[in-house]
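Participant: Before we start, here is the structure in question, set down as structure tokens.
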Amino acid sequence: MGYQGGYGKGRHSPQRQERRHQHPRQDPETIRGIKKAFEEGNFSEVRTSLRKSEVRDALKSLYQEVKSKAREENGKGFKNWDEIEVLKNAAIVAAYAVVNDLRTTQIRKIIEMAKSLHTEVTTKKDMTAVTQKIKKEAVRMNMLMAYYAGKNKSVLPIQEVLEPILNWLSLDQNASPENFEKVYMFFEAIVAYHRYFGGRE
């Protein structure tokens, strides 16, 4: 028997198909609530509601804000972040990375490189050598981050934010121990909050 039209069992009406492909709306009130939680440092509230779909949507909006700030003037905007803003933005990036299923094993090499460089920066006395090392390692970390993001999209939330910051750090006039310490604090906070929010190894 030929096809006689209609929507039988297992079929979906055009209206149902359209609804299935619609993106969930971002609730302004939810976005404001999550934003307030981050601003006030109430990360336990974020942690308990992180897997809710409406919170995921709100996080995406906040993450886009952080990414835009990080990319201002090719990463130079990062220099103007105070310590509170560094930690708050790190928490947002970490939370967004968690809902995108980032695992720390995917960036293990970069974590080890950052720790090793931090040890060198804090112990070496030759500032010229330290500056050259910071420039070199910033370029290497950026390259590796791009490689890992290409292999696994779950790395993108961190890579897209750190790319302009590492580019900024790799410039001669910016590759100072002070600037590296700030970048290291941001990266270390992302890793720490990723763990706190339930991110997997």
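Taken together, the values in this text are just the output of simple stated rules run on the coordinates, not laboratory data. Quick caveat: nothing in here was measured; it's all calculated off a predicted structure. Cβ placement follows ideal geometry from the backbone for every residue including glycine, while neighbour counts extend to all protein chains displayed.
Participant: By its C-alpha gyration tensor, with a ≥ b ≥ c as the square roots of the eigenvalues, how is the range 135-201 shaped: rounded for a/c under 1.5, else prolate for a/b larger than b/c, else oblate? If you can, show how the numbers build up before the last one.
Facilitator: Values: a/c = 2.86, a/b = 1.40, b/c = 2.04.
Oblate is the answer for the range 135-201, as a/c is 1.5 or above yet b/c matches or exceeds a/b.
Participant: Most mobile of Asn42, Asn167, Asn80 per a Gaussian network model of the chain (Cα springs, under 10 Å)?
Facilitator: Among Asn42, Asn167, Asn80, the largest GNM mean-square fluctuation belongs to Asn80.
Participant: What ranking of Leu59, Leu171 emerges when the number of other C-beta atoms within 10 Å of each C-beta is taken as an exposure proxy, fewest first?
Facilitator: Leu171, Leu59
Participant: For a quick check, take a GNM of the chain with Cα springs below 10 Å and name the residue from Ala149, Ala175, Ala129 with the largest mean-square fluctuation.
Facilitator: The residue with the greatest mean-square fluctuation here is Ala129.
Participant: Most exposed first by the Cβ proxy, i.e. fewest other Cβ within 10 Å, how do Thr128, Thr119 rank?
Facilitator: Values: Thr128 7, Thr119 10.
Fewest-to-most Cβ neighbours within 10 Å comes out as Thr128, Thr119.
Participant: Rank the residues Tyr63, Tyr196 as a footprinting-exposure proxy: fewest other Cβ atoms within 10 Å of their Cβ go first.
Facilitator: Details: Tyr63 21, Tyr196 16.
If I rank by nearby Cβ atoms, fewest first, I get Tyr196, Tyr63.
Participant: Averaged across orientations, what area in nm² does the convex hull of the alpha carbons in the range 130-170 project? Please report the intermediate quantities before stating the final value.
Facilitator: On the way: hull surface 9.8 nm².
The orientation-averaged projected area of the Cα hull of the range 130-170 comes to 2.4 nm².
Participant: Give me P(r) over the chain, computed from all C-alpha to C-alpha distances, binned every 5 Å, as integer percentages.
Facilitator: Answer for the chain: a P(r) of 1, 7, 14, 17, 17, 13, 9, 6, 4, 3, 3, 2, 1, 1, 1, 0, 0, 0 percent.
Participant: In the range 26-196, with Lys and Arg counted as +1 and Asp and Glu as -1 at Cβ, which of these residues, Val183, Val66, Gln132, has the Cα nearest the positive end of the dipole, that is, farthest along it?
Facilitator: Gln132
Participant: Can I ask one more? Would you mind checking the tilt of helix 127-151 against the longest principal axis of the Cα atoms of the chain, expressed as 0 to 90 degrees and rounded to 10?
Facilitator: The angle comes out near 20 degrees.
Participant: Okay, next question. Looking at the range 52-152, which trypsin sites (Lys or Arg not before Pro) are DSSP coil and have at most 14 other C-beta atoms within 10 Å of their C-beta? If you can, show how the numbers build up before the last one.
Facilitator: Numbers: sites: Lys52, Arg56, Lys60, Lys67, Lys69, Arg71, Lys76, Lys79, Lys88, Arg103, Arg108, Lys109, Lys115, Lys124, Lys125, Lys133, Lys135, Lys136, Arg140, Lys151; in loops: Lys52, Arg71, Lys124, Lys125.
Hits after loop and neighbour filter: Lys52, Lys124, Lys125.
Participant: What pairs from Lys67/Lys109; Lys35/Lys109; Lys52/Lys115 go past 27 Å between their alpha carbons? The partial results should precede the final answer.
Facilitator: Working: Lys67/Lys109 23 Å; Lys35/Lys109 32 Å; Lys52/Lys115 34 Å.
From Lys67/Lys109; Lys35/Lys109; Lys52/Lys115, over 27 Å: Lys35/Lys109; Lys52/Lys115.
Participant: Next up: If you line up the long axis of helix 177-196 against the longest principal axis of the chain, both from Cα atoms, how many degrees apart are they, to the nearest 10?
Facilitator: 40 degrees
Participant: How far is helix 28-39 tilted off the main Cα axis of the chain, in degrees rounded to 10, range 0 to 90?
Facilitator: Tilt of helix 28-39: around 20 degrees.
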